[in-house]
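Reading through the structure tokens given below for one structure.
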Amino acid sequence: MTQPAQTYQDHAKAIWVLGMPLILSNLAQFAIHITDTIMLGWYDVTALAASTIAGTMFFVIFIVGAGFAQAVTPMVAAAAEERDDTQVRRVTRMGLWLSIMYGLAVTIPFFWAEEILIAIGQEPEVAALAHIYLQIVIWQMIPALIVMTMKSFLAALEHTAIILWATIGAALMNVVVNYALIFGNWGAPELGIQGAAIASLSVTAVTVLILLIYTLRVLPQFELFKNFWRSDSQIMARVFKLGWPIGLTSLAEGGLFSASAVMMGWIGAIELAAHGIAIQLASMAFMVHIGFSQAATVRAGRALGRRDELLLRRGGVTAIGMSALFALLTSAVFMMIPEVLVSLFIDPDEAERVTLLRIGASLVIVAALFQIVDAAQVMALGLLRGVQDTTVPMVMATISYWVIGLPASYVLAFTLGYGPVGLWLGLVIGLAVAALLLMWRFWGRSVRIGAKAVTAPAI
């Protein structure tokens, strides 16, 4: 084994080198979403609405399956620290297996997407367009899950630069293909929402090829596809056991914000628009904390592979501190210039500009608190995943989000009459409880890794 970083300065440097490409790749991925929204918005409002509801449907199903991909990171990191190339291959192979099997299973409901969307109250025109979009994007599910698995594998081995460049390339390609196929530019047919779907599928397929080629050429020692079709029930069970709680935790968190948007819509359309602006700002900043959390997962997995509790403790303190510092900086910006930030999203000629600015600025100020607790809970989740503790944290997070946070939002917004600000304060309460419980879980129990076994016999 190589000599691990021991000082806090060494840890900070290691987390920065590992985490910065992950942070930037998360921001590039966020840019892909923004690009799709802007371009379809330019093309047709109904197409934008259809892609939004279709994208939400796709993402909710995708995020559950992504748990298997995310389980690969801590398991591969631990095996790599033990220099067990066979174990690395076994874990990644079964992560790919589970991703592919899940992808095949969940594609079936998409064939009845239009009927499902109409049944849940969507307008027929929107449902029809969403169905057209999903009949193409449905074939993206398996490639997208493979991309997630390969990114987890590469991040665990600290090959994060390729993740960054592949994501930047995908973002640029998405702009070009969208521009050609949505609007019919450069001699391409004008396909509208179908063009956006084809662009998404094409970008994901190219990303798969880039990551696979890189792995085969740069990391041949792992022989990743050796005996690929050979079943490995022992490791599959371990990846499944670790992965399904990650997927459900992500679903619970994503569902919380979806539910908050629904409740904000009960208050009014202007309030919902302001909510959307504030969420975009908070989400952009949150991409940084996700990157730090992903780096923390890798570093914790490495420490677990060594069974080095001091390494884990110091790395955990450093990662949390770096994330907290960024949270404090963004919170200060949110509190100092909320109107300026909100105004970036509003047309100067918008009739409701003054009202949107007022409501949006008040939510951005609450988002300053939001940043701190959200960063704390996602960092705790990252560290817990690194030491392969996911089931109890899933329960803690779900209770915090849905039993505490969402009811608090409802009571503050509607019962006590605090409106949009009350709704967001409820979210802060739920995320704060999650942060406290998850930090308590990690520092009180899961940090003790001295005797944990992390590998299984090779086959």
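The values are calculated or read from the model by the stated rules, or taken from the named source; none is laboratory data. Predicted, not measured: the structure shown is a model, and the values here were computed from it. Note that each Cβ is placed from the backbone with ideal geometry, even for glycine, and that neighbours are counted across all protein chains shown. Surface accessibility is based on the protein's heavy atoms, side chains included, excluding ligands, DNA and RNA. Shrake-Rupley method; radii C 1.70, N 1.55, O 1.52, S 1.80 Å.
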Of all the accessible heavy-atom surface of the chain, with the other protein chains kept in place and a 1.4 Å probe, what percent is carbon and sulfur?
-> 69
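If you average over every viewing direction, what projected area does the convex hull of the Cα atoms of the chain give, in nm²? It would help to have the intermediate numbers written out before the result.
Details: hull surface 87.7 nm².
Mean projected area for the chain: 21.9 nm², to one decimal.
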For segment 108-184, projected area of the alpha-carbon convex hull averaged over all directions, nm² | 6.8
Keeping all protein chains in place, calculate the accessible area per residue for the chain (probe 1.4 angstrom), answer in Å².
-> 42
For Val176 and Trp266, FRET efficiency with R0 = 35 Å and r from the beta-carbon atoms, rounded to 0.05?
-> 0.30
Report, in cubic angstrom per residue, the convex hull volume of the C-alpha atoms of segment 154-294.
-> 183
Size-normalised alpha-carbon gyration radius of segment 336-459, reference 2.2 N^0.38 Å = 1.43
With θ set to phi - 60° and the Karplus curve 6.51 cos²θ - 1.76 cosθ + 1.60, what are the ³J(HN,Hα) couplings of segment 375-382 in order, to the nearest whole Hz, using x for Gly and Pro?
-> 4, 5, 6, 6, 5, 4, 4, x
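Counting Lys and Arg as +1 and Asp and Glu as -1, each charge on the Cβ, what is the dipole of the chain about the Cα centre in debye, to the nearest 20?
Computed charge dipole of the chain: roughly 2120 debye.
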If unit charges are put on Cβ atoms (+1 for Lys and Arg, -1 for Asp and Glu) and the dipole of the chain is taken about its Cα centre, the option from Ala197, Leu416, Ala66 lying farthest towards the positive end turns out to be Ala66
Could you work out the helix-only [θ] at 222 nm for the chain, with each DSSP H run of four or more residues adding -39,500 (n - 2.57) and the total divided by the number of residues, to the nearest 500 deg cm²/dmol?
-> -27500 deg cm²/dmol
Over its Cα atoms, what ratio of radius of gyration to 2.2 N^0.38 Å does segment 251-393 give?
-> 1.24
Counting only C-alpha contacts under 8 Å and six or more residues apart, can you give the relative contact order of the chain as a whole percent?
-> 22
Just name one of Leu363, Val387, Ile53: the one whose Cα is farthest towards the positive end of the charge dipole of the chain (beta-carbon charges, Lys/Arg +1, Asp/Glu -1).
-> Val387
Low-density loop positions, chymotrypsin sites (Phe, Trp or Tyr not before Pro), segment 153-219 - DSSP coil, at most 14 other Cβ in 10 Å = Trp186
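Of the peptides 268-275, 100-107, how do they stack up when ordered by the mean number of other Cβ atoms within 10 Å, highest first?
Numbers: 268-275: 18.6, 100-107: 17.0.
The peptides rank, most packed first, as 268-275, 100-107.
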